[in-house]
Amino acid sequence: MKLKDKVCIVTGASRGIGKAIALGFAREGADVVIAARTEVQKDERLPGTIHTTAEQVRALGRRALPVKVDVSREEDVDRMVALTLQEFGRLDVMVHNAAVAFWRKLWETPTKLWDLVISVNLRGAFLCAKAVLPHMIKQRSGSIINISSPGADIGGKIDGGMAYSASKAAIERLSNGLAEEVREYGIAVNSLKPAGFVDSEGARYWSPPGTDFSTWEPPDLMVKATIFLATQTSAGVTGGIFTEKELANTYNLD
């Protein structure tokens, strides 16, 4: 098992890519903190909660800790890390996957919505890294993985979603720079994104009406790539901005 007895936090893990990563980690022997906002399902278009994902992790024979967290709130993120250390006594991997999006032209974008996207996507990445790093530095090991998006590259070529694209591009720069700041402590920091669009409940919910999902991919390869990055230290792969297909082709992920 590639992550035997490691402790991993995955944000946005109640459904979609985050849930798939959490279950993938459990299959590789990790104990998983299921961090997200959804404790009770309120919309059938967005199935899943932190508790249902935790149940599935436990069914795989690993420990799970569901934690309700809004990653844009520092007190929530600090509580999430404190509960993780209280429950498991260590912390090895931080995956910041939680994100929100909406699709409007920039001049039609309410400032409140812009701030929401930047707060969850970018501020969340900052707060999660800030909270886990003191513990990773102390143990001189760890891996931080920030989930990005093709939107970081194509920006205005998509129909709206500029706040989302800007936040994901900034996450990539944050990951790249942070990798250098923590290199001496053995910690790997990488940014991972799908080469195309990944089909998930959240993606379908936030996509514009009439979106064609027939060419969108399941999250399987993203899971394999995230597991690979979770095993890294600063002596291995760090400071990268990868698509899951680039990692699969370069490192022959099975």
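The combined condition, being open to solvent by 30 Å² or more (accessible area, probe 1.4 Å) and in a helix (DSSP H, G or I), is not fulfilled by GLY210.
Pairs linking a residue in region 189-216 that is without any contact (Cβ under 8 Å) to a residue 24 or more places away in the chain and more than 15 Å from VAL100 (Cα to Cα) to a residue that is assigned to a loop (DSSP other than H, G, I, E, B) and among the acidic types (Asp, Glu), with Cβ atoms under 7 Å and 6 or more positions apart or on different chains, are PHE213/ASP199; TRP216/ASP199. Out of SER191, SER167, SER234, one residue alone is assigned to a helix (DSSP H, G or I) and surrounded by 19 or more Cβ atoms within 10 Å (Cβ to Cβ). It is SER167.
Screening ILE50, ILE34, ILE9 for residues that are open to solvent by less than 70 Å² (accessible area, probe 1.4 Å) and out of contact with any helix residue (DSSP H, G or I) (no Cβ under 9 Å at 6 or more places or on another chain) leaves exactly one candidate, ILE50. Here LEU3 fulfils each of the conditions (1) touching a Leu at 6+ places or on another chain (Cβ under 7 Å); (2) open to solvent by less than 10 Å² (accessible area, probe 1.4 Å) apart from (1).
Quick test for you: out of TRP107, TRP114, pick the one residue that is out of contact with any Leu (no Cβ under 6 Å at 6 or more places or on another chain), closer than 28 Å to ARG204 by Cβ and at pLDDT below 95. Result: TRP107 is the single residue among TRP107, TRP114 that is out of contact with any Leu (no Cβ under 6 Å at 6 or more places or on another chain), closer than 28 Å to ARG204 by Cβ and at pLDDT below 95. When we screen GLY29, GLY16 for residues that are open to solvent by less than 40 Å² (accessible area, probe 1.4 Å), of a type in the set (Gly, Ala, Ser), at positive phi and under 15 Å from the mean Cα position of the chain (by Cα), the only hit is GLY16. With the structure loaded, tell me whether ARG123 is part of a helix (DSSP H, G or I) and of a type in the set (Lys, Arg) or whether it fails that test. Yes.
Checked against the criteria, ALA82 does not count as among the small types (Gly, Ala, Ser), modelled with pLDDT of 95 or more and either open to solvent by less than 50 Å² (accessible area, probe 1.4 Å) or under 19 Å from SER175 (Cβ atoms) (or both). Restricting attention to region 136-153 and to residues that are touching a strand residue (DSSP E or B) at 6+ places or on another chain (Cβ under 8 Å) and in a helix (DSSP H, G or I), the residue that is least open to solvent (accessible area, probe 1.4 Å) turns out to be MET136. Only residues that are outside any loop (DSSP other than H, G, I, E, B), within 21 Å of VAL7 (Cβ to Cβ) and touching a residue at least 12 places away in the same chain (Cβ under 8 Å) were counted across region 30-80, and they come to 22. Do the conditions hold for VAL71, that is, is it touching a strand residue (DSSP E or B) at 6+ places or on another chain (Cβ under 7 Å) and surrounded by 14 or more Cβ atoms within 10 Å (Cβ to Cβ)? The answer is yes for VAL71.
The values are calculated or read from the model by the stated rules, or taken from the named source; none is laboratory data. What you are looking at is a predicted structure, and each value in this text was computed from that prediction instead of being measured. Cβ sites come from the backbone with ideal geometry, for glycine too, and all protein chains shown count toward neighbours. With ligands, DNA and RNA removed, areas are computed over all heavy atoms of the protein, side chains included. Shrake-Rupley method; radii C 1.70, N 1.55, O 1.52, S 1.80 Å.
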